[in-house]
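These notes are about the structure you will find just below.
The values are calculated or read from the model by the stated rules, or taken from the named source; none is laboratory data. What you see is a predicted model; the values in this text were computed from it and never measured. Glycine gets a Cβ as well: all are built from the backbone with ideal geometry, and neighbour counts include every protein chain shown. Surface accessibility is based on the protein's heavy atoms, side chains included, excluding ligands, DNA and RNA. Shrake-Rupley method; radii C 1.70, N 1.55, O 1.52, S 1.80 Å.
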Amino acid sequence: MDLNLMGAAGADDADLIKDSDEASFMQDVVEASQHTPIIVDFWAPWCGPCKTLGPQLEEAVKAAKGAVKMVKVNVDEAQMIAGQLQIQSIPTVYAFHKGQPIDGFQGAVPQSEIKDFVDRVVKAAGGEAPGEGLAAAVEAAEEMLAEGAATDAAQTFAAVLGEDPQNAPAYGGMVRAHIAMDELDQAEALLNGAPIEISKSPELEAAHAQLALARQAADAGPVGDLTAAVEANPDDLQARFDLAQALYASGDAEGAVEHLLDLFKRDKEWNEGAAKTQLFTIFDALKPNDPVVLNGRRKLSSMIFA
């Protein structure tokens, strides 16, 4: 999969942002926008808001990794251009594509609105907003993983992380791919080495839970024998707990949750609340909108607050 998602991805900052004047405006903006959308920041040294907006705009342009470029024009030195574009106050920002203005705004705005503006310009020019291509790659890798192609999924997740080392969905996916390949030590090493910025993200918390369950699965007994033990003695709570582990290991998360709920109903405090702890581990490992999670949480809550 090609993760060089934007034509100028990886461009140097010097190529992304430049100063222009009346002599070079045609080349820097009108002609250049035939290939890449150009955001023009009209400013002046005496303009206070310009000093805040300019750096924020530069940051957003750099984050787009070449999908858009920026040109800065000092209106004191380009009064003819400012007059032609009817710029009456600064800061004023225009976006050009194919030689024509396609979007713009006036005055200082919050950083979030600047990012939205840049994303909007990129989309209007037919490109991908920053992160959209990586998100599509992560989604494709998740599909590979669901279909059992764990090796291919791991390679795709790794490619995404090469572009964005702090991409939590890709990092969590990488861990889960190694779990699927039964490379539990490698999965644990990845979790231990996760960037601090994403170490507590939901994706990595889910990967932690899946690793814990995978470790348990290695010691799970035969489902048939444990089922027979529970049927012979429904009050054998250890056998029921072991059966839940074995069922989850065999891919029956719903069955595991039902037995854990039954165990919790029989004795909430058994083994220091092991049933509830195990239920939360399973809930964390599955997707939040999974019916098994939604139904399980509802039933557990009704038992806790009964």
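Taking each residue of the range 161-179 that is more than 18 Å from Glu143 (Cβ to Cβ) and looking for partners that are part of a loop (DSSP other than H, G, I, E, B) and of a type in the set (Ser, Thr, Tyr) with beta-carbon atoms closer than 6 Å, six or more apart or interchain, yields Ala168/Ser201.
Every condition in (1) touching a strand residue (DSSP E or B) at 6+ places or on another chain (Cβ under 6 Å); (2) open to solvent by 30 Å² or more (accessible area, probe 1.4 Å) is met by Glu142 except one, and the failing one is (1). Each residue in the range 249-264 was checked for being modelled with pLDDT of 95 or more and either among the β-branched types (Val, Ile, Thr) or open to solvent by 70 Å² or more (accessible area, probe 1.4 Å) (or both), and 3 pass. Please find, among Asp242, Asp284, the residue that is open to solvent by 60 Å² or more (accessible area, probe 1.4 Å), of a type outside the set (Ser, Thr, Tyr) and either within 20 Å of Leu211 (Cβ to Cβ) or in contact with a helix residue (DSSP H, G or I) (Cβ under 7 Å, 6 or more places away or on another chain) (or both). From the options Asp242, Asp284, the qualifying one is Asp284.
Restricting the range 287-306 to residues that are of a type in the set (Gly, Ala, Ser) and open to solvent by 40 Å² or more (accessible area, probe 1.4 Å) leaves a set whose member that is nearest to Ala177 (Cα to Cα) is Ser301. Scanning the range 183-217 for residues that are over 19 Å from Leu286 (Cα atoms) and of a type in the set (Gly, Ala, Ser) turns up Ala189, Gly193, Ala194. Confirm whether Glu203 is under 26 Å from Ala158 (Cα atoms), in contact with a Gly (Cβ under 6 Å, 6 or more places away or on another chain) and open to solvent by 30 Å² or more (accessible area, probe 1.4 Å). Judged against the criteria, Glu203 is a match.
Just checking, does the range 212-222 include any residue being open to solvent by less than 20 Å² (accessible area, probe 1.4 Å), at pLDDT below 95 and of a type in the set (S, T, N, Q)? Checking the range 212-222: not a single residue is open to solvent by less than 20 Å² (accessible area, probe 1.4 Å), at pLDDT below 95 and of a type in the set (S, T, N, Q). Considered as a group, the residues in the range 100-158 that are of a type in the set (D, E, K, R) and over 18 Å from the mean Cα position of the chain (by Cα) include one that is modelled with the lowest pLDDT, and that residue is Lys123.
Restricting the range 155-191 to residues that are more than 13 Å from Leu134 (Cα to Cα) and of a type in the set (D, E, K, R), the residue that is least open to solvent (accessible area, probe 1.4 Å) is Arg176. The set of residues from the range 50-102 being in contact with a Pro (Cβ under 6 Å, 6 or more places away or on another chain) and either without any contact (Cβ under 8 Å) to a residue 40 or more places away in the chain or surrounded by fewer than 20 Cβ atoms within 10 Å (Cβ to Cβ) (or both) comprises just one member, Ala63.
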